[in-house]
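Contents: one structure, followed by commentary.
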Amino acid sequence: MRSHLADLHSPKFASIRGPKFVSIRGSKWLLLGVGLVIVFVVNFPVLTVALNSFRTTENILSSRNILPTELTLANYFYINSRTHFWTFLLNSGAVALGSTGLGIVLAALAGFALSRFRGAILVSYNQALLIVQMFPLILAIIPLFIFFRQLNLVNNYIPVILVYTVTQLPFSTWMLRSYFDSVPRDLDDAAKVDGCSGFRVFVQIILPLAAPGIAAVAIFSFLFSYNEFFISSIFLRDESRMTVPVGIQSFMQQYGTDWGSLMASATLAMVPTLILFLFVQKFLIAGATAGAVKG
């Protein structure tokens, strides 16, 4: 062991430890510093909201400092005891999870069909996805509202979940189709030789390999449904059914805004998305098909 350490200090390694090595190491530290600065600048508004949630509205309006000097939990106590924030949060979670789950199932089935099968109907469906993606949803809101009102489904989660699912479905299908295309067809053929049906190949072979792609689509779908305001404000009119983006609008009145409670609610609303990223980040990093096919 000592001989190896002595070799590192021998003259033949002097060139490695020379100016070139120092410059490479210095450039890495420089890139790290630049990256940290960019991360701080990008996340500065989020940090400002989180820090100012510990200030009262009077302090926010009267102070010229962006960052708080005196911290208080009054805003959190207020939204916990005087508002329906936790109901809003549960409603957002239910709507986001429902639309994400339904959208993933439909997009996975459609994406697998577009990836593995060919036909005139599938080609037409593939082209229709682009047309639907370009259609502005706002033009269909009034007919949809009239339709669901006749079904007595206003102030219900069902129309919101369905509209969210349909809105995300074209993009999710395209994403998963591209991911399924990257999975070798040799795996399908090998599984069918072993006696697996087409549906069993999809469930037991393709879906586990496509976990990173499904995680990426799930994040997109969840964030869209969790943060969406317009559709929820149309169909969810009762306070007990409102989602977080619609519910915290009550802090913004005609003659004033409760900035402290608004920032505290926004800070708490970010927690579920952070937890989601902690759970799914390993799927985004992991390779999907590395070493799946030999030779």
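Most mobile of SER182, SER250, SER124 per a Gaussian network model of the chain (Cα springs, under 10 Å)?
With Cα springs under 10 Å in the chain, the top fluctuation among SER182, SER250, SER124 is at SER124.
Would you list ASP181, ASP194 from fewest to most Cβ contacts within 10 Å?
The order, fewest Cβ neighbours first, is ASP194, ASP181.
Taking the stretch 197-254 as the region of interest, what is the percent of Cα-Cα pairs per 5 angstrom bin, listed from the shortest bin to the one with the maximum distance?
4, 16, 16, 14, 10, 9, 9, 10, 7, 3, 1, 1, 0
Which of the trypsin sites (Lys or Arg not before Pro) found in the stretch 50-82 are in a DSSP loop and have at most 13 neighbouring Cβ atoms, other than their own, within 10 Å?
Passing both the DSSP loop test and the Cβ count: ARG64, ARG82.
For the chain, what does the helix formula give at 222 nm: sum of -39500 (n - 2.57) over DSSP H segments with n ≥ 4, over the residue count, nearest 500 deg cm²/dmol?
Result for the chain, helices only: -23000 deg cm²/dmol.
Could you work out which residue, out of GLY247, GLY256, GLY98, moves most in a Gaussian network model of the chain, that is, has the largest mean-square fluctuation with Cα springs under 10 Å?
Ranking GLY247, GLY256, GLY98 by mean-square fluctuation puts GLY256 first.
Once phi is turned into ³J(HN,Hα) by the Karplus curve 6.51 cos²θ - 1.76 cosθ + 1.60 with θ = phi - 60°, what whole-Hz value does each residue of the stretch 130-137 show in order, with x for glycine and proline?
5, 5, 5, 5, 7, 6, x, 5
Could you point to the label whose value was computed as mean projected area of the Cα convex hull in nm² for the structure here, given (1) 18.5; (2) 27.1; (3) 15.8?
Of the listed options (1) 18.5; (2) 27.1; (3) 15.8, (2) comes from this structure.
Which semi-axes, in whole Å and largest first, does the equivalent ellipsoid of the stretch 96-252 have when worked out from the alpha carbon gyration tensor as the square roots of 5 times its eigenvalues?
Listed largest to smallest, the semi-axes of the stretch 96-252 are 35, 17, 13 Å.
Can you tell me the alpha carbon radius of gyration of the stretch 64-182 divided by the globular rule-of-thumb value 2.2 N^0.38 Å? Intermediate values should be presented prior to the final figure.
On the way: Rg = 20.7 Å, N = 119, 2.2 N^0.38 = 13.5 Å.
Dividing the Cα Rg of the stretch 64-182 by 2.2 N^0.38 Å gives 1.53.
Which whole-Hz couplings ³J(HN,Hα) result when phi for each residue of the stretch 31-41 is put into the Karplus expression 6.51 cos²θ - 1.76 cosθ + 1.60, θ = phi - 60°, listed in order with x for Gly and Pro?
4, 5, x, 5, x, 5, 5, 5, 4, 5, 5
With θ set to phi - 60°, apply the Karplus curve 6.51 cos²θ - 1.76 cosθ + 1.60 along the stretch 48-53 and write out the HN-Hα couplings as whole Hz, x wherever there is a Gly or Pro.
Rounded to whole hertz, the list is 5, 4, 5, 6, 6, 5.
Read-outs: derived from the displayed coordinates by stated rules, not from any lab. These numbers were taken from a predicted model, which means no experiment stands behind them. As a convention, Cβ positions derive from the backbone with ideal geometry for all residues, glycine included, and neighbour counts pool all protein chains shown.
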